[in-house]
Amino acid sequence: MSRRLNPPPGWPPVPEGWTPPPGWQPDPAWPDPPPGWKLWIEDPGTRAGQVRAAIWTITGGTIVFIGSFFPFIHSADPYIYAIPPTPAATARFCGAVLAGLGVGMLARLRPHQLIFGILALVFAGLSSLTLVAFIAAGIVGNDQSNLYGATSGATYYPSVGIFFSILGCLPVAVGAVMSFRRR
């Protein structure tokens, strides 16, 4: 988080983007700051950008989570082959973690913001790859026993929920990248 100099009355205005060089001291000719004056304040533009990045991440995590409650995958013959709950449960977990990382991105210290941003970006990538892998594995199929005990290949097809969850990873990535910027 960046801070900026808040010049007290009688001091010259601070140029935009100015940062003090090492060892900088105010000119002794300038008047003393009033009692309780804060010389260094948090730059409100930085906090607003940080909040926007967190909102993108929280929104994306929520989309991933909500997507897990829509029809997620379907079977060509749902009465014979049970639909596995693992992909939807994985999306619920990923959505909750991503939204939690978005909340963590609201930390006031810059190193914590970066850590949560990096974790959100990595976890969004892993989440989307995992969900795409569920799609690929379902289409390829696997051997499964049906309700009558016979073994045959069962295939599953993606539904709207899994696509919704994969697309939810995109705002998380946008928010994570936004959190890397200083301003």
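The values are calculated or read from the model by the stated rules, or taken from the named source; none is laboratory data. Treat the numbers as computed from the prediction; the structure is a model and nothing was measured. Reconstructed Cβ throughout: ideal geometry from the backbone, glycine too, with neighbour counts over all protein chains shown. The area values use the complete protein model at the heavy-atom level, side chains included, leaving out ligands, DNA and RNA. Shrake-Rupley method; radii C 1.70, N 1.55, O 1.52, S 1.80 Å.
The numbered conditions (1) at positive phi; (2) crowded, with 18+ Cβ neighbours inside 10 Å are all true for residue 23 except (2).
Residues are listed down the side, and each one gets a yes or a no for (1) part of a helix (DSSP H, G or I); (2) under 13 Å from the mean Cα position of the chain (by Cα); (3) within 22 Å of residue 55 (Cα to Cα):
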site: 74; (1), (2), (3): no, no, no
site: 87; (1), (2), (3): yes, no, no
site: 91; (1), (2), (3): yes, no, yes
site: 94; (1), (2), (3): yes, yes, yes
site: 108; (1), (2), (3): no, no, yes
site: 113; (1), (2), (3): yes, yes, yes
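Within segment 6-42, the set of residues being in contact with a Pro (Cβ under 7 Å, 6 or more places away or on another chain) and within 25 Å of residue 110 (Cβ to Cβ) comprises 7, 14, 37, 39. Is it the case that segment 137-144 has a residue that's touching a Gly at 6+ places or on another chain (Cβ under 9 Å), open to solvent by less than 60 Å² (accessible area, probe 1.4 Å), outside any loop (DSSP other than H, G, I, E, B) and modelled with pLDDT under 90? Yes; the residues of segment 137-144 include at least one that is touching a Gly at 6+ places or on another chain (Cβ under 9 Å), open to solvent by less than 60 Å² (accessible area, probe 1.4 Å), outside any loop (DSSP other than H, G, I, E, B) and modelled with pLDDT under 90. Looking across segment 49-72, the residues that are assigned to a helix (DSSP H, G or I) and open to solvent by less than 30 Å² (accessible area, probe 1.4 Å) come down to 49, 50, 53, 54, 57, 60, 61, 64, 67.
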